[in-house]
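Visitor: Would you mind keeping the following structure in view while I ask a few things?
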Amino acid sequence: MNMKQIEGGVCAAAGFKAAGVHCGIRKNQTKRDLGLIVSDCKASAAAVYTTNLVKGAPLLVTKEHLADGTAQAILCNSGNANTCNADGPQIANAMCQLAADQLGLAPEDVAIASTGVIGQPLNLEVIQAGMAPLAADLAYHNSLHAATAIMTTDTIPKEAAVEFELDGKVCHLGGIAKGSGMIHPNMATMLVFLTTDAAISSELLQKALSTDVQSTFNMVSVDGDTSTNDMVVILANGMAGNTPITQEGEDFAVFMKALNTVTMQLCKMLAGDGEGATHLLECKVSGAADLATARTVAKSVICSSLVKAAIFGADANWGRILCAIGYSGADVNVQAVDVAFVSKAGCIEVCKAGAGILFSEEKAKQILLEHEIEIQVELNSGSAESTAWGCDLTYDYVKINGDYRT
């Protein structure tokens, strides 16, 4: 299978334009706060949404608009989540109408997303004034404009794309994402927008996305808080010209691999850019009795505040990892667990069969001072494995969230 990573983000696939402008939602005029992705033709569409009972109005509207399995545009603002507002649904629907009028589409063909502060009114007037400049910014190379427009406390824009073949046709799949805090999805994550020129039915597109998030975005945690506005949307416009994928088989497997390659990259970018983070943390669990156990253990280690704080301090406090495994709820033989730390600086075993072993604290510290840290957990109870991603817990996380609203 030829799978090549390429540039282009959401514009890597044929027939997709993107844009991003500052319209006035944010006070900082140097920051884009309104983004748009548009397909040249109507596309198959699928999405997954937050499990939080408190859901942003844009999610409810998008779910209605994607009920027929199609869409042609995605509109997103940053700086205001449009959540817990009495007029939230009306504002979300009005935003779709504004975009539809500007683009010559039906409002039902527009997916809508918002991110930012919860519980503050969203000014529709600035969005209306920004719609014409936003449409004027649309271009086949403007993925970065859209990627920056959806950022909140993110420090870097997040883009990824791949090229692959289906039915002898060259296809592309790309995406952008935002997310830095309030990340513990339990379904999707933050905001992620994916596009592909592969032809695939909306039913199989939904199956592909719903399956993929279980091993990618659901395995990311920055702070244990499940956002009200988490959503992943994917559009497939079929402009690559492959025979449409309408059933599972070899082509569907190739598409799933392409999707997973992009989402995996975005996961690492999201975890590594957690609020105040200085380390990307990856926990690889192997030797589990089953997949559910592997996932539960990996996520528990990643979510542990004590583990995250130890990584920040480059402290090889492996006991915290055993502690997180012990309270995870997974049925694990803790007396069979091995733990090791890995980074560019090397690998060091710190625990064998659930007990401590002699190791060099100096070497361990050098390993943990690297930006990317891998925690290897071997359960020695089977063949299932899973990976979760997170980041360290720093002083800056508290500073950022101590006055996030004010």
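Read-outs: derived from the displayed coordinates by stated rules, not from any lab. Nothing here was measured: the structure is a model prediction, and the numbers come from that model. Neighbour counts are summed over all protein chains in view; Cβ atoms, including those assigned to glycine, are modelled from backbone coordinates with ideal geometry.
Visitor: Treating only the Cα positions of the chain as identical point scatterers, give the base-10 log of I(q)/I(0) from the Debye formula at each q in 0.11, 0.12, 0.13 Å⁻¹.
Guide: For the requested q values the scattering log ratios are -0.79, -0.92, -1.05.
Visitor: Now, a different point. What are the residues whose amide H is under 5 Å from the amide H of CYS391, where those residues sit 5 or more places off or on another chain and H is modelled from the backbone?
Guide: Here the answer is LEU281, since their amide H atoms fall under 5 Å of that of CYS391.
Visitor: Sticking with this one: Which listed residue (ILE302, GLY382, HIS371) has the Cα farthest towards the positive end of the charge dipole for segment 287-395, taking +1 on Lys and Arg C-beta and -1 on Asp and Glu C-beta about the Cα centre?
Guide: ILE302
Visitor: Can you tell me the order of 291-298, 331-338 when each peptide is scored by its average per-residue count of other Cβ atoms within 10 angstrom, highest first?
Guide: Order by mean packing, descending: 291-298, 331-338.
Visitor: In terms of the ratio Rg/(2.2 N^0.38 Å) built on C-alpha atoms, what value belongs to segment 275-380?
Guide: For segment 275-380, the normalised Cα radius of gyration is 0.98.
Visitor: If you keep only loop residues by DSSP, which trypsin sites (Lys or Arg not before Pro) in segment 1-96 have at most 10 other Cβ atoms within 10 Å of their Cβ?
Guide: LYS27
Visitor: Moving to a separate point now. Given the pairs LYS27/LYS257; LYS27/LYS158; LYS178/LYS257; LYS4/LYS158, which are separated by over 29 angstrom at their Cα positions?
Guide: LYS27/LYS257
Visitor: Also, quick follow-up: Could you list which residues have their amide H under 5 Å from that of LEU34, counting only those 5 or more apart in sequence or on another chain, with H placed in the peptide plane?
Guide: VAL21, CYS23, SER78
Visitor: Now, a different point. Given H placed 1.01 Å from N in the peptide plane, which residues other than close sequence neighbours of GLU165 have an amide H under 5 Å from its amide H?
Guide: It is ASN2, CYS171, by chain and number.
Visitor: Now for a separate question. What are the lysines whose alpha-carbon lies under 21 Å from the alpha-carbon of LYS42, with same-chain residues fewer than 8 places away excluded?
Guide: LYS17, LYS63, LYS169, LYS207
Visitor: Same structure again: Please sort by residue number the chymotrypsin sites (Phe, Trp or Tyr not before Pro) in segment 300-406 whose DSSP state is loop and whose Cβ has at most 16 other Cβ atoms within 10 Å.
Guide: Counting only loop positions with at most 16 other Cβ atoms within 10 Å, the chymotrypsin sites (Phe, Trp or Tyr not before Pro) in segment 300-406 are TYR327, PHE359, TYR404.
Visitor: How far, in nm, would the chain grow between LYS352 and ASP87 when pulled straight, counting 0.36 nm per residue and subtracting the alpha carbon separation?
Guide: This chain segment gains 89.7 nm when fully extended.
Visitor: Can you show me the helix-derived [θ] at 222 nm for the chain, built from DSSP H runs with n ≥ 4 at -39,500 (n - 2.57) apiece and divided by the number of residues, rounded to the nearest 500.
Guide: -9500 deg cm²/dmol
Visitor: Please identify the DSSP H helices in the chain that span no less than 30 Å along the helix axis (Cα) and have a mean Kyte-Doolittle hydropathy of 0.0 or more.
Guide: Sorted by number, the helices that extend far enough and score high enough are 250-272.
Visitor: For a distance above 24 Å, tell me the whole-number percent of Cα pairs in segment 12-105 that qualify.
Guide: Result: 24 percent of Cα pairs exceed 24 Å.
Visitor: Please name which of ALA208, GLY241, SER360 has its Cα lying farthest along the dipole of the chain towards the positive end, using unit charges on Cβ (Lys, Arg +1; Asp, Glu -1) and the Cα centre as origin.
Guide: SER360
Visitor: Of the lysine pairs in segment 280-402, how many meet both conditions: Cα atoms under 26 Å apart, and a spacing of 8 or more in sequence or different chains?
Guide: Total qualifying Lys-Lys pairs in segment 280-402 comes to 22.
Visitor: Restricting the count to DSSP beta bridges whose residues both fall in segment 3-272, what percent are antiparallel, rounded to a multiple of 5?
Guide: Percentage antiparallel, nearest 5: 70.
Visitor: Here is a follow-up. Please report, in debye to the nearest 20, how large the charge dipole of segment 280-402 is about its Cα centre when each Lys and Arg carries +1 at its beta carbon and each Asp and Glu carries -1 there.
Guide: My answer is approximately 200 debye.
Visitor: Among LEU266, ALA314, LEU280, whose Cα lies farthest out toward the positive end of the dipole of segment 256-349, if unit charges sit on the beta carbon of Lys, Arg (+1) and Asp, Glu (-1)?
Guide: LEU266
Visitor: As a test, work out the antiparallel percent of DSSP beta bridges whose residues both lie in segment 280-402, rounded to the nearest 5.
Guide: Around 75 percent of the beta bridges assigned by DSSP in segment 280-402 are antiparallel ones.
Visitor: With charges only on Cβ, +1 for K and R and -1 for D and E, what is the dipole size of the chain about its Cα centre, in debye, rounded to 20?
Guide: Once rounded to the nearest 20, the dipole reads 600 debye.
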